[in-house]
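Visitor: Dropping a structure here in structure tokens format, bear with me for questions.
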Amino acid sequence: MKISVETQVNCPVTRAWKAYTTPADITQWNAASADWHTTRATVDLREGGSFCWRMEAKDGSIGFDFAGTYTRLVENSLIEYTFGDREAQVEFIENGDTVTVRVTFDSEGSHSIEQQREGWQAILDNLKRHVEAVTA
């Protein structure tokens with residue numbers, strides 16, 4: 001099943017793209033809750049390139065690599081990637097002075113659809129806060 005989440009960011013599309021694809025930015029916004037963080041990120045932003053975002057509980061009790069391979073890139077517009085046996089698509093849709101960032105991803109079986117939607121939405125909400133704070 002495909003799940004989609006999105007947010008409206010008050011910035012130029014180039015700034016939203018940069019925040020989504022730059023390791024220094026990713027470590028600032030990529031967390032689904034306040035007790036998690038991304039400790040490091042690597043990005044080889046090209047079709048066939050890989051990414052790895054290390055996500056850990058702040059108390060150090062657990063962590064995992066969110067990693068995959070970019071399959072399609074259209075600068076400032078579209079990122080498609082695989083992670084494990086799943087796929088995701090990130091769209092950047094310009095709306096005048098704002099940009100809609102929409103992520104559509106394959107669900108997994110260990111968490112409910114609602115839990116997955118809430119987690120990925122929280123991450124996008126953090127992206128919005130980060131970009132708007134830096135852009136302001």
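The values are calculated or read from the model by the stated rules, or taken from the named source; none is laboratory data. Note that the coordinates shown come from a computational prediction; the quantities given were computed from them, not determined experimentally. A quick note on method: Cβ atoms are made from the backbone with ideal geometry, for glycine too, and the neighbour counts reach across all protein chains shown.
Visitor: I'm trying to understand the selection: among the residues of the range 100-132, which are surrounded by fewer than 15 Cβ atoms within 10 Å (Cβ to Cβ), within 16 Å of residue 31 (Cβ to Cβ) and polar (S, T, N, Q)?
Guide: Answer for the range 100-132, where residues must be surrounded by fewer than 15 Cβ atoms within 10 Å (Cβ to Cβ), within 16 Å of residue 31 (Cβ to Cβ) and polar (S, T, N, Q): just 115.
Visitor: Restricting attention to the range 22-45, and to residues there that are among the acidic types (Asp, Glu) and surrounded by fewer than 17 Cβ atoms within 10 Å (Cβ to Cβ), which single residue is farthest from the chain's Cα centre (by Cα)?
Guide: By that ranking, first place goes to 35.
Visitor: Find the residue count for the range 1-16, including only residues that are assigned to a helix (DSSP H, G or I) and in contact with a strand residue (DSSP E or B) (Cβ under 6 Å, 6 or more places away or on another chain).
Guide: Of the residues in that region, 2 qualify.
Visitor: Right, another one. Hey, any hits in the range 63-83 for a residue that's under 22 Å from residue 133 (Cα atoms), at pLDDT 95 or above and hydrophobic (A, V, I, L, M, F, W, C)?
Guide: The answer is no, given that none of the residues of the range 63-83 is under 22 Å from residue 133 (Cα atoms), at pLDDT 95 or above and hydrophobic (A, V, I, L, M, F, W, C).
Visitor: Quick one: which of 44, 25 is out of contact with any Gly (no Cβ under 9 Å at 6 or more places or on another chain), over 19 Å from residue 133 (Cβ atoms), charged (D, E, K, R) and modelled with pLDDT of 95 or more?
Guide: Residue meeting the stated conditions: 44.
Visitor: Right, something else. Tell me which of these residue 133 doesn't satisfy, since it passes every other one: (1) in a helix (DSSP H, G or I); (2) over 16 Å from the mean Cα position of the chain (by Cα); (3) farther than 17 Å from residue 12 by Cβ.
Guide: Residue 133 satisfies all of (1) in a helix (DSSP H, G or I); (2) over 16 Å from the mean Cα position of the chain (by Cα); (3) farther than 17 Å from residue 12 by Cβ except (3).
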